[in-house]
1. Exposure proxy check: B:Leu336, A:Leu283, B:Leu199 ranked by fewest other beta carbons within 10 Å?
2. Under the Karplus relation 6.51 cos²θ - 1.76 cosθ + 1.60, θ = phi - 60°, what is the ordered set of whole-Hz ³J(HN,Hα) values for segment B:298-303, x standing for Gly and Pro?
3. Would you mind calculating the gained length between B:Arg307 and B:Val125 on full extension (0.36 nm times residue separation, minus the Cα-Cα distance), in nm to one decimal?
4. Place +1 on the Cβ of every Lys and Arg and -1 on the Cβ of every Asp and Glu in segment B:244-483, take the dipole about the Cα centre, and give the residue among B:Ala440, B:Tyr288, B:Asn357 whose Cα lies farthest towards its positive end.
5. So if R0 is 41 Å, what FRET efficiency would A:Gln182 and B:Leu536 give, r being the distance between their Cβ atoms, rounded to the nearest 0.05?
6. Where is the GNM fluctuation largest for chain A (alpha-carbon springs, 10 angstrom cutoff): A:Phe43, A:Phe268, A:Phe152?
7. In what order do B:Val237, B:Val446 fall by count of nearby beta-carbon atoms within 10 Å, going from fewest to most?
8. For B:Asn366 and B:Thr475, what is the calculated FRET efficiency with R₀ set at 25 Å and r taken between the beta-carbons, to the nearest 0.05?
Amino acid sequence: MQQLLQQLANGVVLGALYGLIALGYTMVYGIIQLINFAHGEIFMVGAFGSLFTWDYILGKPTTPWAIPVILIGGVVSAVLVALLMERFAYRPLRNAPRLAPLITAIGVSVFLQESVRLFYPGGRQAQLIFPQLITGPPVHLGSVEIDRPSIFILVVAIICMVGLDAFVQRSRTGRAMRATAQDPDTARLMGINTDRIIVTAFVLGAALAAVAGMSWGLKYGFVVFDIGFLAGLKAFTAAVLGGIGNLRGAVLGGFVLGIVEAMATQFFGQSWKDVSAFVILILVLILRPQGLLGERVADRA
Amino acid sequence: MKQLRKFIAMVDALLTAKLGTKFGGILALVGAVLTVAGGMLPWASSPTFGGDLTWQLNPAELQWFGIGLGLACAAFAVCEFAGLNKLTKWLAPMGGGAATRAVSVGTLVLALVVGTRVSMVLGGVVNISIGLWLTLVGGLIATVGSRALPPRGPLPESRRLPGAVEILFISVGIAVALFLAVIGLDTKDEDSFVGFLVLAIALAVATSRSGLLLRMRELTQRHYAVSIGAGLVAALVFPLTQGTSQMYMNIAVNTAVFAVTAIGLNIVVGLAGLLDLGYIAFTGVGAYSAALLSGSTASVLYQHTHRIPPFLIVIVAGAVFASVFGIVIGAPTLRLRGDYLAIVTLGFGEIFRITVNNLNGTAGPNLTNGPNGIYGIPPLDIFGWNFGKNLSFGPFHMTYFANYYYLLILVIMFTIIVFSRTDHSRIGRAWVSIREDETAASAMGVNTFKLKLLAFAMGAFLAGMAGTVQAHILTSVTPDTYIFLKSAYLLAAIVLGGLGTISGALLGAFLLNVTPEKLRFFQDYRLWLFGLTVVLMMRFRPEGIIPNARRAGLRPIATWGRATSLILLIRLDASRFSCMQKNSALTLTKFLTYSISVILSELKGKPSPPKPVNPPSGSNSSPCFQKPSDPCPTNGMEWPTWKSNIVNVTWICWPIRNRRRFSKNESPSSARFGISSRSAVSWKSKRQ
């Protein structure tokens, strides 16, 4: 029982990370119906951007006060990459057949991964050490033990999610985003600059992914050039699970997926946990393709 | 990009005005002569670079490439001068001007690349000798001169020659291509290979711009059997030329396995339009089946049974296993949209790898030896023919790879037959219609789900087949062989070569396997470059190097599909035109006749018919189509329904040709009903 609760706590932390990344998928999908395969790599670029800021700009400090700065570094690099990606890879293909942007996304994904591997100093190493800026003994909640980076992740993730929700629901840009997602043509008729809204979706998604990337680094203590692949895949699963296009759904899907994965680790062992995510993805697609919170929409050709 | 194009056009216009076509041609000829002369003179001051470029009148490889480019430049310039006569009708039917440009730019690039490398390797620009300078100047002059030449013209009708002569042309063409390929493979070092690439690309662009390639294509299509036979003979002879050297045979065998898989993937992606990102897993299923049944001591099955089934059974079993996997994974997901399929196949690829890793006896039952894989797979043995022994054939002695090579030629032939027979059958047409527009296809009565499943299973079958052979070639199978990047690599190959064509898949397989072998320095960067290639290809040439004829041509299927969906929509919406029905039967009749004439003109491929007096698309002029804010004049319908009816009517009646111009904002309703004309070609034409 104690172990089960412990795994549950781990699952929630993991789920927070998945949820953060999944928001990026779901936002972009909601607006331009594109599965941005390269979003996982944006997460990775965010982690590397933070590491770069810590390593080469700040000069390897050890105080936790460096976190905001390296977070900004990560966010800036991820947003920059996402902007370039949107402008040069996706925008020219906006009216192309469906398959074209998907294939491009694969290309972008491989390109980003290899760029980091080849051109980041030491990027080829199996593991690059990420600074452990949050130290201190783990916190005990009853019999459950949670380490401090995990608490940081939970807090930051919840702040980001609530912030994003407020932004999308309350702000003018947020309303424009929802309008564009519902009907881009009508939105344009109403004077919304849809190009800008699409860029905004990419930027917000990238920023959240970068937050997740840095948190991931803080928690696990290392980064590798290929962390984005599995993380992106699972975050996509989370987005589908919650109902793709639905922001709250993505968060819910992230948490559910994280918990399921932790339970799979508990019952089937560490080596099968990655399979559980995909099994869930397939089950969701068979049983409830619109996801947990999604509404059934007609299949658009 | 746009500015660059504008600038080039400006320069062209200026040069044509100042130089005139005639003087431009003379300049191009002078440049070509200079280039050839440069090739005869030394290029570098020291023999240590590029296989000794210091000799006079005794060109080394790189210098030969320069001379070749110079000669080609001269030939095309002369063709341009001569106009269309009996000979140039064949050599440069579309005019030699554009081809001269391509070749002279190639010369310039070659001279610049070699010059840079010489000064890098030998330390300083002083080491560039007179010959290279001459080539550089020649290339420059030819480039300037050729810009004044007229652009390519239309392809004139060809006159049929006697069959024997045409076949002779084909054989000459294939011989030249083979000769070039052998030169490329035989280049001694990387610099020479880069030089060869420049030569090959320049010649390819030039021949396609001059219309020579189109002529060759006409010929090969007219003598299809002969061309296929010639290609086959060339493939069969290749091992004889390699003797007992293993290097290229090894590459050739790997390329062949890759090619089979790529053709299989091209069925799934290119024909049916389903993006499969876990395709390599099917190869893995085949390979693991073969390994388990191979009699390897590490195989659990062999340890229990001590029996080895004949390979013919194994190859079928592996392929069938793979297609069963394909069906299992495809059945739940193919009902959904294509995007989900992509991600689920990606997930499936990962599940396969993880599962194979875990079936090691500790995390799961022992079947695959986990990360160690199944090793020590014995060579194939078909009817007593041992594939592990070197192959001898009369006076020719070849390595044991030749056995696998010939087996794979058979497998490739089988794959090609499967591909082309289905492509040209009812099934293939249905696949293409699904790819172009699934809604329209299902409206036509195509069982989209079954056909997509068939494509998926068929692709998996071919991949599994390739896998069974691959297991024996590699002699061991490990989970790491079947990672996602391999799938991405396969995808890059068919995107590069051409989606939906056999030759595209073969070319892609060749390029992606041979280039990294020849350019060692490039090997670490190849994934990076191929990621970039995929992005750029999708952006600038989505149809690949060898475009699909059906895609590039009239696309009868897509037209039929659009026409049918149009009829369907008219029928659907006629019942909803309460406004129209009440208003006047006349409007309805006008509307119907107009729609039918649009359909007919679309089928004939003619421009749209003259608009009716009272065009339904003009929403203000007709009594029925008023401003959207007003309630419907006849039945007082509320705004939303009223609006959607207007939108539908407008979009149905809008001539399809006009609709193509709506590039930026296609109507949502047209997208919803699947009558958008989104396909590779119309999308390209839209951007212009």
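1. A:Leu283, B:Leu336, B:Leu199
2. 7, 7, 4, 4, 5, 4
3. Here the answer is 58.7 nm.
4. Checked the options; the winner is B:Ala440.
5. Approximately 0.75, to the nearest 0.05.
6. A:Phe268
7. Listing B:Val237, B:Val446 from fewest to most nearby Cβ atoms yields B:Val237, B:Val446.
8. E(calc), rounded to 0.05, equals 0.75.
The numbers here are math on the coordinates, done by the rules we state, and not lab data. Everything numeric here is computed off the predicted structure, so don't read it as measured data. Ideal geometry is used to build each Cβ from the backbone, glycine not excepted, and the neighbour counts take in all protein chains shown.
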